[in-house]
1. Taking all pairs of distinct Cα atoms, average 1/r, flip it, and tell me the Kirkwood hydrodynamic radius of region 358-472 in Å to one decimal place.
2. Report the Stokes-Einstein translational diffusion coefficient (µm² s⁻¹, integer) for region 178-283, Rh taken as the Kirkwood radius over Cα pairs, at 4 °C with viscosity 1.567 mPa s.
3. Percentage of Cα-Cα pair distances in region 424-472 greater than 16 Å, rounded to whole percent?
4. Starting from the Cα of residue 59, step 7 Å along the direction of its Cβ; do the same at residue 521; then give the gap between the two resulting points in nm.
5. Once phi is turned into ³J(HN,Hα) by the Karplus curve 6.51 cos²θ - 1.76 cosθ + 1.60 with θ = phi - 60°, what whole-Hz value does each residue of region 495-503 show in order, with x for glycine and proline?
6. For region 424-554, take the alpha-carbon Rg, divide it by the Kirkwood Rh, and send me Rg/Rh.
7. Output needed: percent of Cα pairs per 10 Å distance bin for region 501-592, bins running from 0 to the one holding the longest distance.
8. Please compute one quarter of the surface area of the Cα convex hull for region 407-490 and express it in square nanometres.
Amino acid sequence: MTVPTVGAPAASSPTARQAAGPRQLWGRLRHQPLTLVSAIVVLGVAVVAAFAPLLAPYAPDDTDFTAVFSPPTADHLLGTDDLGRDILSQLIFAARTAMVVAGGSVLVAMLIGVPFGLILGYKGGWYDRIGSRGMDVADALPGIMIGFVVIAILGRGMLILIFAIGLIFSMNFARVVRAITLTERKKLYVESARVSGLSHRQVIFGQVLPNLAGPLAVQGAVFLGNAIKVEAALSFLGLGLPDDQPSWGGMLRFAAEHQADHPLMAIPPGVAIVVTVLAFNLLGDGINDALSGRRRTRRKARKAQRLTLAAVEAARATSRAEHDARVAAAVAERDVVLDLRGVSVALDRPAGEAVPLLDDVHLTVRRGEVLGLLGESGSGKSMLARATLGMLPAGVRLEGGRVLLDGTDLTAMSDKRMRAIRGSRLAVVFQNPQSNLSPVHTVGRQLTDPIRAHHGMSKRDARARAAELLELVGVDDVQRRLDQYPHEFSGGMAQRVAIAIAIAGDPDVLILDEATSALDVTTQSQVLDLVLDLRERLGMAVIAITHDLGVVAETCDRVAVMYAGQIVEKGAIDAVFDRPRHPYTAALLAAHPAIDRDVDRLPTIPGRVPLAGEWPLGCHFAGRCAFATERCLEAPVALTEDVRCVRTDEVVLEGAHHD
Ligand SMILES: Nc1ncnc2c1ncn2[C@@H]1O[C@H](COP(=O)(O)OP(=O)(O)OP(=O)(O)O)[C@@H](O)[C@H]1O
């Protein structure tokens, strides 16, 4: 059902839109003279349409038989037709018809197309496959034919015309919205919204839809022009509006009938159609360019970083030593809040076989402790977090094991109950501070939404609580900050806001998925200190997922080292870092620079982490790890490269292989 669009711009993506705040947008539009002229023309047509009875010298159906087919005169600036009706007045009233039909049909197209595209893009899978095939079929039909059919069935009239044109364009909107939603749903702010416990409806319409405002504005402008074209075409063919309603297409049809004797009559409606359609298209193009323009590079010099890395490390080391002793004693006393028992996760390949992504992971986290989940890229850290949150990606499923939160098995819970758990008892903060936040909502709105969802507070109380939370995470001037958008926050401040949103539901466990990796070292240190402070004040457990041994050493009480979907070693920080028992842990530690180690060249781990599906079956460290002498020899079979190592509570030796 697509109608070819003359010069239709590609819809700008929300990501591009994110780069432009309202002021930046206006700044860019000001430098696009063609867009400004188009906007003035569109505005002019809209004003003429709105005030047609005041502006037109005559009513559109006023006849003057003394001035039939009059050329332009002082009384009739554009002349008259065969009944002596004033052409200028008809043109002005026809502008009103054009704007009403165009606006109405774009509204109808959006009402049908936007929810359809949102659902296909957000749900994906079968919804998307079936819906997309439906859109393909609709695309194969010429749009104007759809108009003919609707009008043939329902008859002629303004509302029917609006519905027919809206139907023609609805699938264009659906296609654009679906494509953008497919990208948006993978973004971290959508994941954050889901983790914060919002329902699918709230996420789709509250989070994703506002991000489509830019592309929809562009599409809307272009399709307003196209709707005017289609209305004119149908009226020209005598299928649009009834003859007593003035329309540019109807005027053209009349002019065509009298073309031989009065060739100039076609000029006024023709020019009106061309100028208006062109203005809408250029306006759409201009908005698109302004939305997707690159953010101007800021030339502000960055403040010199006064603290050297060594000074930061030294300062932290002193406070850490005291802190560690205090926390270690407290943690040992505390009870287990999260218990992962034999969690296995697999990816279903279309061919049928299942590829393991997590293999029999056992992990416990105590109340108030900070557990570091360490491992190279692809080792399965994020997948473990997702399995814990019950948010596995499409095609990936839990194959076995249990996730116990305070003794309750989350894997047996319904989707609805899990949504209530996420954001209230389990929370997560992702890596990129800005991507954690929706670019089109104020920080206040992003904080109050989960607060209201979980605590059922009034708007006013939720705002007061949001202000408290911002203060808690160290944001100043909170009332002003609540009304600001994420792009007005620095990286560190945005991450504080993301943490405030995560702790809004007073979670028992906060997962930081590389939450400080994108920050500079000073800001990283401040955010980590904040997390340590919060866990002491709120008593929550923290799982810090990271590649960074420094972060683990400074922040965590215990560490679990992951490799190829398994935990290969876990234990207290001092034990694992000072006396690694698994060769992979030892290699990882050796590859990390240390301030007290003077080496020309750091050792590296040769090879690469095997991809999922390529994991070795046997233990490749047989006889080489400290643990082998203690436990592996107890294995019931002779230990060879093809034999899996025995698993124990504290150390699992399995398939770590790097050559
Ligand atoms: N959506 C997905 N579908 C299928 N496989 C996936 C998906 N996401 C990750 N994987 C696979 O699961 C394995 C573990 O990936 P995961 O993202 O958990 O690693 P990670 O340790 O968190 O890595 P990084 O530090 O780079 O985030 C990898 O082999 C990866 O290719």
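Every number here is computed from the coordinates shown, using simple stated rules; none is lab data. As the structure is a computational prediction, the values presented were derived from the model and not from experiment. All Cβ positions, even for glycine, are placed from backbone atoms using ideal geometry, and neighbour counts span all protein chains on display.
1. Taking the inverse mean of 1/r over all distinct Cα pairs, region 358-472 comes out at 16.6 Å.
2. Stokes-Einstein gives a translational diffusion coefficient of 77 µm²/s.
3. 46
4. Label at residue 59, label at residue 521, 8.3 nm between them.
5. Per residue, the Karplus-derived 3J(HN,Hα) values read 5, 5, 5, 4, 5, 4, 5, 5, 8 Hz.
6. Using only Cα positions, Rg/Rh for region 424-554 is 0.94.
7. In whole percents, the pair-distance histogram is 15, 46, 32, 8, 0.
8. That works out to 6.8 nm².
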